[in-house]
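What follows is a short report on a single structure.
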Amino acid sequence: MAHASQNRTVEILNAAAAGKYGVLAAIAYNIEQLTALVRAAEAKRSPIIIQLFPSTLKQLPTLAHAAAAAVRSATVPLSLHIDHAQDVDHIREIIATLPVDSVMVDMSHYDEQENLEKTKILAKECHAMGIAVEAESGRIEGGEDGIADTEGLEALFTSPEDVDNFIAAGIDILAPSIGNLHGDYGPSGPAPGQLHFDRLTAINKQINSRVLIALHGTNDFPPELMRQCIENGAIKLNVNKLLLEVWNEFLRKNAAEMPLVKLIDEGMKVLQAETERWMDICQSSGKA
Ligand SMILES: [Zn+2]
């Protein structure tokens, strides 16, 4: 495990686990979204984990440096995490060249044995650089931008045995597969029973505070469901469209008429407000 006192992501999540609140781990695709997320954290005195996809690192090579600068200059706890890094060579390049705090080493497109072997090797390499590691046990169904490798593969639910195997592989954060999926559930969120809370509870018990739990696949989540996940041990809450849809909608509606600079300013305000609302829901507001 990465040494907690030296790693921002682990520090943020340990504090959340102790305080029984959730922390948004929010995807940013550009500097405007990054800025809005950081402003929300400052305004709410809340921690936040900024997440970038590996595909975004290739599309916008300077964005990780901007995010790291935001992490360093913020007056609240922030960290920079790379979500769903699925390519071994790219992971090695990321940890050697970018100022990141944590990486999701996602080898879930391999079979379980190979997933574990690769995760173990990469966790060691990340820890040697002071970088914390998240891994996906089982396989979360669906695809999202830049994580095409698991698209079309069947979901595999996380078992208590998987939990111990992944902890033995040396990870810091576990992303279990409990019926959650990457992509859209539909406007009212997951169907009743779609998320296996009994499984999440059993996983949390099995983990027994040895690692932290990340929840993926939160599109369309209603607030009560998010709170229920937090109560059952999910601390790192990966959010993408859940926050960013307001930005997308605002741009779609106003791009034709509004001057570009105003469009960006107003769009950032809308995204900041939505992020603040979810910080209240996850109860991380005022915790920084
Ligand atoms: Zn995910």
Q.
Suppose a student asked you for the relative contact order of the chain, using Cα pairs under 8 Å spaced at least 6 residues apart; what percent would you report?
A. 22 percent
**Q.** Residue-averaged [θ]222 nm for the chain, counting only DSSP H segments that reach four residues, each worth -39500 (n - 2.57)
**A.** -15000 deg cm²/dmol
Q | Likely footprinting exposure, Met104, Met129, fewest C-beta neighbours within 10 Å first | A | Met129, Met104
Q. What's the exposure ranking of Cys282, Cys126, going from fewest to most Cβ atoms within 10 Å?
A. Cys282, Cys126
Q.
I need Glu32, Glu134, Glu144 ordered by Cβ neighbour count within 10 Å, fewest first.
A. Glu32, Glu144, Glu134
Q. Charges only on Cβ, +1 for Lys and Arg, -1 for Asp and Glu: so what's the dipole of the chain about the Cα centre, in debye to the nearest 20?
A. 1140 debye
Q | Amide hydrogen neighbours beyond the local backbone of His84, cut-off 5 Å, H modeled | A | Met104
Q: With a cut-off of at most 14 other beta carbons within 10 Å, and DSSP calling the residue loop, which GluC sites (Glu not before Pro) in the stretch 193-288 qualify? Please list them.
A: Glu257
Q: Output the antiparallel fraction of DSSP beta bridges having both residues in the chain, as a percent to the nearest 5.
A: 5 percent
Q | Set of aspartates and glutamates near Lys269 by C-alpha distance (under 19 Å), chain-local residues within fewer than 8 positions excluded | A | Glu32, Glu42, Glu245, Glu249, Glu257, Asp280
(Q) Filter Lys205/Lys236; Lys58/Lys118; Lys120/Lys241; Lys44/Lys236 down to the pairs with a C-alpha to C-alpha distance above 25 Å, please. (A) Lys120/Lys241
Q.
Please compute, over every Cα-Cα pair in the chain, the percentage with a separation greater than 35 angstrom.
A. 10 percent
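Read-outs throughout are calculated quantities, based only on the coordinates presented, and are distinct from any laboratory measurement. Keep in mind the model is a prediction, meaning the values are calculated, not measured. Virtual Cβ from ideal backbone geometry, glycine too; neighbours counted across all protein chains shown.
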